[in-house]
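Here's the structure, in structure tokens; my notes come after.
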Amino acid sequence: MQFSERWLRTLVDPPLDTAGLANALTMAGLEVEEMAPAAPPFSGVVVAKIEAVEPHPNADRLRVCTVSTGGPQTLQIVCGAPNAAAGMKVPFATVGAELPGGLAIRKAEVRGVESSGMLCSAKELGIDDDASGLYALPDDATLGADVRAALALDDSLITLKLTPNRADCLSLIGVARDLAAATNARLTLPKITATSVTGKARREVRVEDPVGCPRFVSRTIDGIDPRAPTPHWMKERLVRSGIRSISAVVDITNYVMLEQGQPLHAYDDRLLDGALVVRFARAGEKLTLLNGQTLELEPDLLLVCDERKPLGLAGIMGGEHSGINDTTTTVLLEGAFWTPAVIQGRSRRLGFTSDAGYRFERGVDFGNCANAVERATQLILEICGGRAGPLGDVTGILPRRDAVRVRPARVARLLGITIPEATVANLFDRLGLVYAREAADFLVTPPTHRFDLAIEEDFVEEIARLIGYDAIPATPSAHVQAMLPDPETELSLGTLKRRLTDRDWQEAITFSFVSSAWEAALYPDREKAQAPIGLLNPIASHLDVMRTTLAGGLIEVLRTNLARKYDRVRIFEVGRCFVRSGDHIDQPRRVGGLAYGLVAQEQWGLAKRFIDFYDVKDDVEALVAPHALVAEATTHPLLHPGRGARLELDGAPVGWLGELHPRLVKALELPRPPVLFELDLDPLTVRALPVAQPISRLPVVRRDFAVVVDEGLPASAVLDALMAVKPGRVDRIRLFDVYRGAGLPSGKKSLAILVLMQDTERTLTDADIDSTVAQLLRVLQDRFGGTLRE
């Protein structure tokens, strides 16, 4: 938002210099991003009048001008500007003047004719880029006056860096309101009165979507002079706000937008067919905009149309059939309020922005639509003449502005200081807020121009910025610290992560959104009901769905490492996945891992061996301890058909483990298959309350036996059966070897089992030991037909 300091001071003029004014705006929350002079330094340029223009005797493109600066004598100037004409007032650089860029003016002879100075264009003065001709000064400019004073070139251009919530300050009146409140200076707003209706012209307006357009104000003005010039003061304010002057009517609509914050649109009434209609686009409709761009309209684009054709994109830009030109004598003014939701995002999608769209998508003052149209009507009648028709105002359901309770105790709690109620009331008065009192509380109604005021904390912020953040003392707060509970039955996430990092795993963090094509490759036969959740507004076109597994991100990390010649990767990630569960979306926390390459870094003391299923299973068992992990062979879309397992903890399934499926290894062009696992995290964080056990001073007795069982019998089933019946003196049962081969019947295998026995009160006798081993062997024989290996 750029504007002239001089213009702002016509509305509010606090006793501050330019630097102080900028500081006051910044401290009020309206950050001044840049301050620049309206014109670069120059001197010796005065207002002059061209008395006569004659052809140059020795040059076709030059002319000799007789110039007066108000004194008794005239001066002769050679000039090449095509617009030089008698009676014109122009900037005149006298002999000795210094122009921008270091140009010094001297008396010179041009093609044999003496020239005592130079007549200047806007570009030569550094106030505009126009070098096509002399800069025309206002007719009321005083001859001989310094041009800097005549054009107020010692003005400053202020650029604000506004936050998106302060749409009210995208206008001079909005900035002036805030500055007046911050400095307690007097606010003088332009006087707007209802225009006398002297014409009968009017046009019907039909709003087919009152939600998208809750208010549409219009007025027809006929009999205007389309060639009336824009006043110099208005051109100056527009140019210094970064807007090019076009024609009087267009300049007026732009001026009112800058002043009032309400974008307006002026239609050439001759080009309209029937009533104005506000509706959404229909299938197959096209629209050519004022910028020449032709759009194929989508159904969510709100339009202003007549009864035959679209006229423009509501709140964004008009179409080629909606503009005015130098033959327009009847204009239709539109001042509407468009719901921000129907404007937001449309400009970005269409690939262009406009001043109107920038304001409407943030929210304009829906209570000021009629005032803005009245203001524009006044200016058009003053500058272009004409007859104003009646004001049309189609109003639907406007946004509610409910009163908000502001509690002084809450203000004190949030700001850390107590502010007297009288001070709070004064601050609300300075902001122009309407409020009522209820005991000590304030019931404040947000004004229609402040969309950012909705909750109590918003008003507390207003109080803080008006009293000044530097007025709030930096008082150290008393912080009462207490130890947080650390339940013994719960393992922290940090503990689980350390278990993996201690075993040479590294944590990775990947995006929660992934490619739908990648998800389809991981799960090719997934049912439609289990499809990943799509994103309405993805950050990138290929990251269009939420992940259902951590494996995809881990595989991408592996590919990135392999591309950089890192051939040993052991990574894990803890995060949420997103899966459909009927009409709901579950977000389970999971821990996943991927291991690839050598078991250990190459070294002389260890044989070179690639990681396998059992290496990763060992790490997973360490992760889930003290839970008992059970792995059962299974099939899984991500895993090798013969090298994948379903994992269970305490009888409940928690995840899977195995080598990556060969089809994915081939598709990803991986040299070797990685080993992956994925577990639900919540069951891992639960553990039984630790119970202290006495440490025996008596010796431990070890017995080993090898039992022959069927080849298809899982070793875990054997160990589970032994653990279920083990006597109290048995401390540990563990499998330490599996044998297949010579000496065993076909279809059989030998399991070597270690049994450790110990008693805390007495030394075990041979009879105790033999009976215990016999009891365990009897269980194996009865349940599995196992026999001791000879």
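Bear in mind these aren't lab numbers, they're just calculated from the coordinates by the rules spelled out. What you are looking at is a predicted structure, and each value in this text was computed from that prediction instead of being measured. Methodologically, a virtual Cβ is constructed for each residue, glycine included, from the backbone with ideal geometry; neighbour enumeration extends over all protein chains shown.
Mind ordering 681-693, 437-449, 636-648, 253-265 by average Cβ neighbours within 10 Å, highest first?
253-265, 636-648, 437-449, 681-693
Counting Lys and Arg as +1 and Asp and Glu as -1, what is the net charge of the other residues whose Cβ lies under 12 Å from the Cβ of Val45?
-2
Taking the Cα centre of the chain as origin, sum charge times position over the Cβ atoms of Lys and Arg (+1) and Asp and Glu (-1), and report the length of that vector in debye to the nearest 20.
It works out to roughly 960 debye.
About the Cα centre of segment 615-769, how large is the charge dipole given +1 on each Lys and Arg Cβ and -1 on each Asp and Glu Cβ? Please answer in debye to the nearest 20.
Here segment 615-769 has a charge dipole of around 360 debye.
Per the Debye formula with a single identical scatterer at each Cα and no solvent contribution, what log10 I(q)/I(0) holds for segment 525-682 at q = 0.11, 0.12, 0.19 Å⁻¹?
-0.49, -0.58, -1.35
Write down the radius of gyration of segment 274-335 and its Dmax, each obtained from C-alpha positions, in Å.
11.6, 34
Treating cross-link reach as a plain straight distance, find the lysines whose alpha-carbon is under 29 Å from the alpha-carbon of Lys161, omitting any fewer than eight places away in the same chain.
In chain and number order, the partners are Lys123, Lys191, Lys235.
If r is the Cβ-Cβ distance from Leu744 to Ala724 and R0 is 35 Å, what FRET efficiency results, to the nearest 0.05?
Result of the calculation: an efficiency of 0.85.
Simple spin-label model, 7 Å along Cα-to-Cβ: Asn184 to Thr489 in nm?
For the pair Asn184/Thr489, the computed spacing is 6.3 nm.
Below 12 Å, Cα to Cα, which aspartates and glutamates can Lys286 reach? Residues fewer than 8 away in the same chain don't count.
List returned: Glu296, Glu298, Glu320.
Quick check: pseudo-label points 7 Å beyond the Cα along Cα→Cβ at Ile769 and Glu621, how many nm apart are they?
2.6 nm
For segment 416-513, what is Rg from Cα atoms divided by 2.2 N^0.38 Å, rounded to two decimals?
Compactness ratio reported: 1.94.
Ranking request for peptides 406-418, 225-237: highest mean number of other beta-carbon atoms within 10 Å first, then the rest in descending order.
Taking the mean over residues of other Cβ atoms within 10 Å, the ranking is 225-237, 406-418.
Segment 715-764: D in µm²/s via Stokes-Einstein (Kirkwood Rh, Cα pairs, 20 °C, 1.002 mPa s)?
The diffusion coefficient I find is 168 µm²/s.
For n ≥ 4 DSSP H runs only, could you compute -39500 (n - 2.57) per run for the chain, divide by its residues and tell me the 222 nm figure to the nearest 500?
Result for the chain, helices only: -7000 deg cm²/dmol.
Quick one: putting +1 on the C-beta of Lys and Arg, -1 on the C-beta of Asp and Glu, what dipole do you get for segment 27-173 around its Cα centre, in Debye to the nearest 20?
The calculation lands at about 380 debye.
By average Cβ neighbour count within 10 Å, what is the ranking of 581-590, 752-761 from highest down?
In descending order of packing, they fall as 752-761, 581-590.
For Cα extents along the principal axes in Å, pick the label among [x] 83, 64, 54; [y] 139, 75, 59; [z] 131, 81, 44 that corresponds to the value derived from the coordinates.
After the calculation, the listed value that fits is [y].
When the convex hull of the C-alpha atoms of segment 21-104 is computed, what volume per residue in Å³ does it have?
Hull volume over Cα atoms, normalised by residue count, gives 165 Å³.
Mind computing the radius of gyration and Dmax over the alpha-carbon atoms of segment 327-384? Å is fine for both.
14.2, 40
Direction-averaged shadow area of the convex hull around the Cα atoms of segment 372-466, nm²? Present the calculation step by step, with values, prior to reporting the outcome.
Values: hull surface 34.9 nm².
Across all orientations, segment 372-466 yields a mean hull projection of 8.7 nm².
Where a Cα-Cα gap under 27 Å defines reach, which lysines qualify for Lys726, not counting those fewer than 8 residues away within the same chain?
Answer for Lys726, where 27 Å is the Cα cut-off: Lys617, Lys748, Lys749, listed by chain and number.
Could you work out how far the C-alpha centroid of segment 616-650 sits from that of segment 720-736, in angstrom?
Comparing the Cα centres of segment 616-650 and segment 720-736, I get a distance of 22 Å.
Tell me, in nm to one decimal, what length is gained between Val434 and Ala454 on full extension, where the rule is 0.36 nm per residue of separation less the Cα-Cα distance?
Details: separation 20, 0.36 × 20 = 7.20 nm, distance 1.40 nm.
Additional length available on full extension: 5.8 nm.
Label points 7 Å out from Cα along the Cβ direction at Arg564 and Glu461: separation in nm?
Placing both labels 7 Å along Cα→Cβ, they lie 4.0 nm apart.
Calculate the radius of gyration of the Cα atoms of segment 634-779 to one decimal place, then report Dmax, the largest Cα-Cα distance, as a whole number, both in Å.
Rg and Dmax of segment 634-779, Cα atoms, are 20.4, 64 Å.
Within the chain, which whole H helices from DSSP have a Cα span along their axis of at least 20 Å and a mean Kyte-Doolittle hydropathy of 0.0 or more, if any?
Those that pass (Cα extent of 20 Å or more, hydropathy at least 0.0) are 369-384.
Taking every pair of alpha-carbon atoms in segment 123-254, what share in percent sits in each 10 Å bin, from 0 to the bin with the longest distance?
For segment 123-254, the pair-distance distribution reads 8, 24, 32, 26, 9, 1, 0.
Work from the charge dipole of segment 234-285 (Cβ charges, +1 for Lys and Arg, -1 for Asp and Glu, about the Cα centre) and give the residue of Pro263, Gly242, Ala283 farthest towards its positive end.
Farthest towards the positive pole: Gly242.
Using alpha carbons only, how many angstrom separate the centre of segment 657-675 from the centre of segment 133-168?
Here the answer is 70 Å between Cα centres.
Counting only the backbone N, which residues of segment 748-784 are under 18 Å from the spot 7 Å out from the Cα of Val700 toward its beta-carbon?
The answer is 753-765, 769, 773, whose backbone nitrogens lie closer than 18 Å to the label point.
If you average over every viewing direction, what projected area does the convex hull of the Cα atoms of segment 466-552 give, in nm²?
Mean projected area of the Cα convex hull: 13.7 nm².
What's the local net charge at Glu602, with K and R +1, D and E -1, over the other residues with C-beta under 14 Å away?
Working: positive: Arg568, Lys608, Arg609; negative: Asp567.
Counting the neighbours of Glu602, the net charge comes to +2.
Just add up the charged neighbours of Ala412: K/R +1, D/E -1, any other residue whose Cβ is under 14 Å from the Cβ of Ala412.
Values: positive: Arg407, Arg410, Arg413; negative: Glu421, Asp441, Glu456, Glu457.
For residues surrounding Ala412, the net value is -1.
Using alpha carbons only, how many angstrom separate the centre of segment 534-571 from the centre of segment 1-69?
Between the Cα centre of segment 534-571 and that of segment 1-69, the gap is 57 Å.
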